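Below: one structure in structure tokens.
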Amino acid sequence: MAQPLWRCGVFMLALLPLLFWFYQAQQGLLGPDPGKVLLEHLGEGALILMLLTLSLTPLQRITLWSGWSLIRRQLGLWCFCYASLHLMSYLAFLLNFDFSRLNHELWERPYILLGFGAWLILLLLSLTSNAFSRRKLGKNWKLLHRLLYLGLVLALLHLLLILRSDFGSWMLYAGVGLILILNRLFGLRSP
Ligand code: HEM
């Protein structure tokens, strides 16, 4: 009984910011460039969800509570959902679906390639997150899903190249990311 409640709570917590931002956009509360603000919120949300997904294993070891692992797939899929909406906002609001501009855009905003690389990793991991793929891939499944760390590095570099002045938030995200990567490399291993 506690498990569905826990999963349901996490589902609501992940859904609420989306509903709130879309409500704000619809009410005209996101300023003169709502598309850009939405894009930024979704990108930041995807990064936070990525960090949270990677935090679950260390949290489980620290707290000795197995409940964290119950929401790993759910959080990972939410991260993919936010990142996909972020990509859609880019295509809709910045590119206006004018794909002939893409070549010029990539020269002007090379960080997009890093974001796209991170999104491709999220896509691959989402497609293989089901029980069938887990069974089929066997031991390789865990190895494949460690690609999320590479996705995190790409997302952090994506953000670093965008920053114009505010390094504070980037340092915070990168600091948490570094701790998670170091913990993966040198911390306690899963049995
Ligand atoms: C699918 C490919 C992606 C594209 C085309 C893309 C594009 C963009 C663009 C155009 C911006 C705004 C840049 C500006 O302010 O001038 C941005 C910001 C950002 N993106 Fe992405 N992105 C992608 C993937 C990702 C992924 C996978 C993540 C994280 C997991 C991410 C995280 C962020 C963050 C955190 C920001 C900054 C938000 C802020 O300013 O608060 N992006 N992205």
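Here is a list: 22, 97. Which entry is closer than 23 Å to residue 115 by Cβ, away from the ligand (no atom under 16 Å from the Cβ) and open to solvent by 70 Å² or more (accessible area, probe 1.4 Å)?
22
Would you please name the residue that is nearest to the ligand (Cβ to nearest atom), looking only at residues in segment 141-167 that are exposed (fewer than 12 other Cβ atoms within 10 Å of the Cβ) and not basic (Lys, Arg)?
166
Right, next: Filter segment 48-77 for residues that are among the hydrophobic types (A, V, I, L, M, F, W, C) and open to solvent by less than 30 Å² (accessible area, probe 1.4 Å); which is nearest to residue 170 (Cα to Cα)?
Looking at the filtered set, the residue picked out is 51.
Follow-up. Keeping to segment 71-107, report how many residues are over 19 Å from residue 127 (Cα atoms) and either hydrophobic (A, V, I, L, M, F, W, C) or over 20 Å from the mean Cα position of the chain (by Cα) (or both).
Of the residues in that region, 17 qualify.
Which one of these does residue 132 not meet: (1) surrounded by fewer than 16 Cβ atoms within 10 Å (Cβ to Cβ); (2) in contact with a Gly (Cβ under 6 Å, 6 or more places away or on another chain)?
(2)
More than 8 Å from the ligand (Cβ to nearest atom), of a type in the set (A, V, I, L, M, F, W, C), crowded, with 19+ Cβ neighbours inside 10 Å and at pLDDT 95 or above: does that describe residue 119?
Numbers: more than 8 Å from the ligand (Cβ to nearest atom): no; of a type in the set (A, V, I, L, M, F, W, C): yes; crowded, with 19+ Cβ neighbours inside 10 Å: yes; at pLDDT 95 or above: yes.
Judged against the criteria, residue 119 is not a match.
Next question, about the same structure. For segment 148-167, what are the residues that are under 14 Å from residue 48 (Cα atoms) and in contact with a Ser or Thr (Cβ under 9 Å, 6 or more places away or on another chain)?
148, 159
How many residues are away from the ligand (no atom under 14 Å from the Cβ) and among the hydroxyl-bearing types (Ser, Thr, Tyr) when one looks only at segment 25-60?
Final tally of qualifying residues: 2.
What helices (runs of 4 or more DSSP H) lie completely within segment 1-110 and have 2 or more residues being at negative phi, touching a Leu at 6+ places or on another chain (Cβ under 6 Å) and touching a residue at least 60 places away in the same chain (Cβ under 8 Å)?
In segment 1-110, 34-63, 72-89 are the helices (runs of 4 or more DSSP H) which contain 2 or more residues that are at negative phi, touching a Leu at 6+ places or on another chain (Cβ under 6 Å) and touching a residue at least 60 places away in the same chain (Cβ under 8 Å).
The values are calculated or read from the model by the stated rules, or taken from the named source; none is laboratory data. Keep in mind the model is a prediction, meaning the values are calculated, not measured. In this analysis, Cβ positions are derived from the backbone assuming ideal geometry, glycine residues included, and neighbour counts consider all displayed protein chains. SASA here: full protein model, heavy atoms, side chains in, ligands and nucleic acids out. Shrake-Rupley method; radii C 1.70, N 1.55, O 1.52, S 1.80 Å.
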